[in-house]
Amino acid sequence: MVVGGGYIGFFLAKYFARRGDRVVVVEKRKPLCDKIAKEIDATVFCGDATRVEVLEDAEVDKADVLLAVTGRDNVNIRVAELAKKRFGVPLVVVRVDEAENMRKAIEAGADKVVCMDDFAEYFARVVTAKGYRYLSSFDGEAILEVDVPPDSPVIGQDAREIESRGVRLLLVVQDGRPVIPSSEYVVKADDKLIVFGRKEELEEFLDYAFSG
């Protein structure tokens, strides 16, 4: 079930419908309801999803997953609370625009919370980043290629100092040649470091490496 038929909700509904899932959409605005019903193979309920009777009519109790993705955090949090605590939906995913509402959503019953603030920060870093790139990302972990700038504080540090920051140094590219670093390897300007770690540790390492 998708609650919210705006831009995000529309494309989520379209994606799951194309995948062959049974999709139910709850949307308050009649023009959007008509558009969704016309363009997507989904059952559409036009009403306020914060009202118990609307969710009952939409048979939310039969949903395996509920995605609350309206443009209003308070609505999504209330829908999560009803879906989880009143109707027992197994998996409730909530969109919030403000990071401070993430805990509220979890306390209300959300199993997963997607914060648009985080997306904005991620895309800003992708657009502006010149010294690193993602090689792979999976399950909260990633592999990055980092170009060491000439003023980076990591210059002169050995592999053990790098790894003390919570990342693992997998490979170094020097003058175009890959080198497996020993624990005594010392970072030089213009090296490319291939590092692995969890997102939080990688972001802290990037902040440090580019703080010169």
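The values are calculated or read from the model by the stated rules, or taken from the named source; none is laboratory data. Values in this document were obtained by computation on a predicted structure and should not be read as measured data. Quick reminder, even Gly has a Cβ in these numbers, built from the backbone with ideal geometry, and neighbours come from all protein chains shown. With ligands, DNA and RNA removed, areas are computed over all heavy atoms of the protein, side chains included. Shrake-Rupley method; radii C 1.70, N 1.55, O 1.52, S 1.80 Å.
Could you identify the single residue in Gly88, Gly9, Gly71 that is in a loop (DSSP other than H, G, I, E, B) and either in contact with a strand residue (DSSP E or B) (Cβ under 6 Å, 6 or more places away or on another chain) or under 15 Å from Gly109 (Cα atoms) (or both)? Outline the logic, then answer.
Numbers: Gly9 fails: in a loop (DSSP other than H, G, I, E, B); Gly71 fails: either in contact with a strand residue (DSSP E or B) (Cβ under 6 Å, 6 or more places away or on another chain) or under 15 Å from Gly109 (Cα atoms) (or both).
Of Gly88, Gly9, Gly71, the one residue that is in a loop (DSSP other than H, G, I, E, B) and either in contact with a strand residue (DSSP E or B) (Cβ under 6 Å, 6 or more places away or on another chain) or under 15 Å from Gly109 (Cα atoms) (or both) is Gly88.
Does Arg95 satisfy the condition of being at pLDDT 90 or above, open to solvent by 20 Å² or more (accessible area, probe 1.4 Å), in contact with an Asp or Glu (Cβ under 9 Å, 6 or more places away or on another chain) and not in a helix (DSSP H, G or I)? Walk me through how you get there before you give the answer.
Values: at pLDDT 90 or above: yes; open to solvent by 20 Å² or more (accessible area, probe 1.4 Å): yes; in contact with an Asp or Glu (Cβ under 9 Å, 6 or more places away or on another chain): yes; not in a helix (DSSP H, G or I): yes.
For Arg95, the condition - at pLDDT 90 or above, open to solvent by 20 Å² or more (accessible area, probe 1.4 Å), in contact with an Asp or Glu (Cβ under 9 Å, 6 or more places away or on another chain) and not in a helix (DSSP H, G or I) - is met.
Taking the conditions (1) more than 17 Å from Val24 (Cα to Cα); (2) assigned to a helix (DSSP H, G or I); (3) open to solvent by less than 80 Å² (accessible area, probe 1.4 Å); (4) in contact with a helix residue (DSSP H, G or I) (Cβ under 8 Å, 6 or more places away or on another chain) in turn, Arg78 satisfies each one other than (3).
Filter the stretch 55-75 for residues that are under 12 Å from Val2 (Cβ atoms) and either hydroxyl-bearing (Ser, Thr, Tyr) or buried (at least 19 other Cβ atoms within 10 Å of the Cβ) (or both) and give the result. Can you show your working first?
First pass over the stretch 55-75, keeping only residues under 12 Å from Val2 (Cβ atoms): 58, 60, 63, 65-70.
Correct list: Ala58, Val60, Ala63, Leu66, Leu67, Ala68, Val69, Thr70.
The condition (being out of contact with any Lys or Arg (no Cβ under 7 Å at 6 or more places or on another chain) and within 18 Å of Ala105 (Cα to Cα)) is satisfied by just one residue among Ala42, Ala49: Ala49. For the stretch 44-54, the count of residues that are out of contact with any Gly (no Cβ under 8 Å at 6 or more places or on another chain), open to solvent by 50 Å² or more (accessible area, probe 1.4 Å), modelled with pLDDT under 90 and within 21 Å of Phe16 (Cβ to Cβ) is zero.
Of Ala58, Ala63, Ala124, which residue is out of contact with any helix residue (DSSP H, G or I) (no Cβ under 7 Å at 6 or more places or on another chain), among the small types (Gly, Ala, Ser) and at pLDDT below 95? Working first, answer last.
Numbers: Ala58 fails: at pLDDT below 95; Ala63 fails: at pLDDT below 95.
Sole residue among the options that is out of contact with any helix residue (DSSP H, G or I) (no Cβ under 7 Å at 6 or more places or on another chain), among the small types (Gly, Ala, Ser) and at pLDDT below 95: Ala124.
Filtered by the rule that a residue be of a type in the set (Ser, Thr, Tyr) and open to solvent by 40 Å² or more (accessible area, probe 1.4 Å), the stretch 149-172 gives a lone residue, Ser164. Based on this model, can you work out whether Asp190 counts as in a loop (DSSP other than H, G, I, E, B), within 17 Å of Arg133 (Cα to Cα) and open to solvent by 20 Å² or more (accessible area, probe 1.4 Å)? Spelling it out, Asp190 is indeed in a loop (DSSP other than H, G, I, E, B), within 17 Å of Arg133 (Cα to Cα) and open to solvent by 20 Å² or more (accessible area, probe 1.4 Å).
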